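Chemist: Below you'll find the structure I mean.
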Amino acid sequence: MRVFAIRPEPGLSSTIAVGAAHGLPITGFPLSRIAPCGWTLPELGGIDALLVGSANAFRHGGDKLEALHHLPVLAVGKTTAAAAEKAGFRVAASGTGGLQALLDTLEPGPRCLLRLAGEDHVPLQLPPGTELILRVVYRVQDTEISPEFENELRKGALILLHSAGAAQHFAQECDRLGLDRGSIALAALGPRILEPVGEGWLDARSASTPAEPALLALARDMCQ
């Protein structure tokens, strides 16, 4: 069974490269692109740190990011932390299991976090004493399945899913084109990602941890 990734660039190329390094050929057909949003800076007095769940916040945040360089970054994972450092920020903490898991490691106490997020973002439970200011700095723009990709899907495929939004869009596109769900398997970065896709797929599983190596290990197992 052939493996396909549908995430936007530059993550798509990264997934393909990691797959190749682990002996898993992956073909890319991005079904979305990332676009910046117009956003405004809040009053910066009293803000203690930035909370960031995607490297896209630094790639598409624009010139306003310069005013935030004095703030430490709480990053969801290594990729986001690397993007923060490349953009000139100091990373105070980097998580491994999502933003909620990162927040859960914080001690209770008064603090104000500025969350730089995408238009489609996960709601969070804040630790006691924590205030959150949200700014949406980028959005995902969906695109249609191309005729070439449609032909590949009709032969059977395993799709790597990196977000709930992408999963929902892919399912809707399959239904629009009348594709047989029973010939398509889904491998997701986490269980929440599979919630919008419904039933009827050949297989649908989530990785043991929300990390690329775990997702690719799952894909290898599903291909056997």
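Chemist: Enumerate the helices in the chain for which the Kyte-Doolittle hydropathy averages -0.5 or more and the C-alpha atoms extend at least 18 Å along the helix's axis, using complete DSSP H runs.
Modeler: Details: long enough: 164-177 (20 Å, -0.41).
The qualifying helices are 164-177.
Chemist: Right, something else. Net charge within 12 Å of G109 by Cβ-Cβ distance, Lys/Arg positive one each and Asp/Glu negative one each, not counting G109 itself?
Modeler: On the way: positive: R111; negative: D48, E107, E131.
Net charge in that neighbourhood comes out at -2.
Chemist: Using a 10 angstrom cutoff on alpha carbons, build the Gaussian network for the chain and name the most mobile of L113, L153, L44.
Modeler: In this elastic network of the chain, the residue with the biggest mean-square fluctuation among L113, L153, L44 is L44.
Chemist: Additional query: Among 124-136, 83-95, how do they line up from the highest to the lowest mean number of other beta-carbon atoms within 10 Å?
Modeler: On the way: 124-136: 14.2, 83-95: 16.8.
Order by mean packing, descending: 83-95, 124-136.
Chemist: Continuing with the same structure: Calculated from DSSP H runs of 4 or more alone, at -39500 (n - 2.57) each and per residue, what is the 222 nm mean residue ellipticity of the chain, nearest 500?
Modeler: Working: 8 runs with 68 residues, N = 224.
Rounded to the nearest 500, the figure is -8500 deg cm²/dmol.
Chemist: Excluding G118 itself, what net charge comes from residues whose Cβ is under 14 Å from its Cβ, given Lys and Arg +1 and Asp and Glu -1? Intermediate values should be presented prior to the final figure.
Modeler: Values: positive: R7, R33, R59, R115, R135, R139; negative: E119, D120, D142.
Once all neighbours under 14 Å are counted, the net charge is +3.
Chemist: Return the ratio Rg/(2.2 N^0.38 Å) for the range 105-224, where Rg is computed over Cα atoms only.
Modeler: On the way: Rg = 17.7 Å, N = 120, 2.2 N^0.38 = 13.6 Å.
Ratio of Rg to 2.2 N^0.38 Å for the range 105-224: 1.30.
Chemist: Among the lysines, which have Cα under 28 Å from the Cα of K64 when same-chain residues fewer than 8 positions away are ignored?
Modeler: K78, K86
Chemist: To continue, here is another question. Along Cα→Cβ, 7 Å out, is where each label goes; now give me the distance between the ones at E152 and E195 in nm to one decimal.
Modeler: Output for this residue pair reads 2.9 nm.
Chemist: Length gain on complete extension for the stretch E66 to T96, per 0.36 nm per residue less the alpha carbon to alpha carbon distance? Please list the in-between numbers first.
Modeler: Details: separation 30, 0.36 × 30 = 10.80 nm, distance 2.65 nm.
Roughly 8.1 nm would be gained on extension.
Chemist: List residues of the range 10-46, by number, whose backbone nitrogen lies under 15 Å from a label position 7 Å along Cα→C-beta of R176.
Modeler: 30-33
Chemist: Here's something else I'd like to know. Within the range 49-71, whose backbone N sits under 11 Å from a point 7 Å along Cα→Cβ of V18?
Modeler: none
Chemist: Separate question: Whole angstrom only: what separates the Cα centroid of the range 129-159 from the Cα centroid of the range 45-90?
Modeler: Cα centroid of the range 129-159 versus Cα centroid of the range 45-90: 23 Å apart.
Chemist: How far, in nm, would the chain grow between T27 and T209 when pulled straight, counting 0.36 nm per residue and subtracting the alpha carbon separation? Mind dumping the intermediate values first?
Modeler: Details: separation 182, 0.36 × 182 = 65.52 nm, distance 2.28 nm.
That pair, T27 and T209, stretches by 63.2 nm at full extension.
Chemist: Can you give the alpha-carbon Rg of the range 19-140 over 2.2 N^0.38 Å, where N counts its residues?
Modeler: Numbers: Rg = 15.2 Å, N = 122, 2.2 N^0.38 = 13.7 Å.
For the range 19-140, the normalised Cα radius of gyration comes out at 1.11.
Chemist: At 0.36 nm per residue, minus the direct Cα-Cα distance, what do V136 and A35 gain on full extension? Give it in nm, one decimal, please.
Modeler: Numbers: separation 101, 0.36 × 101 = 36.36 nm, distance 1.13 nm.
Separation in residues times 0.36 nm, less the Cα-Cα distance, equals 35.2 nm.
All of the numbers you see were taken from the coordinates with simple rules; none came from a lab. This one's a predicted model, so the numbers in the text were calculated from it and none came from an experiment. So basically every Cβ, Gly included, is an ideal-geometry build from the backbone, and we count neighbours across all protein chains shown.
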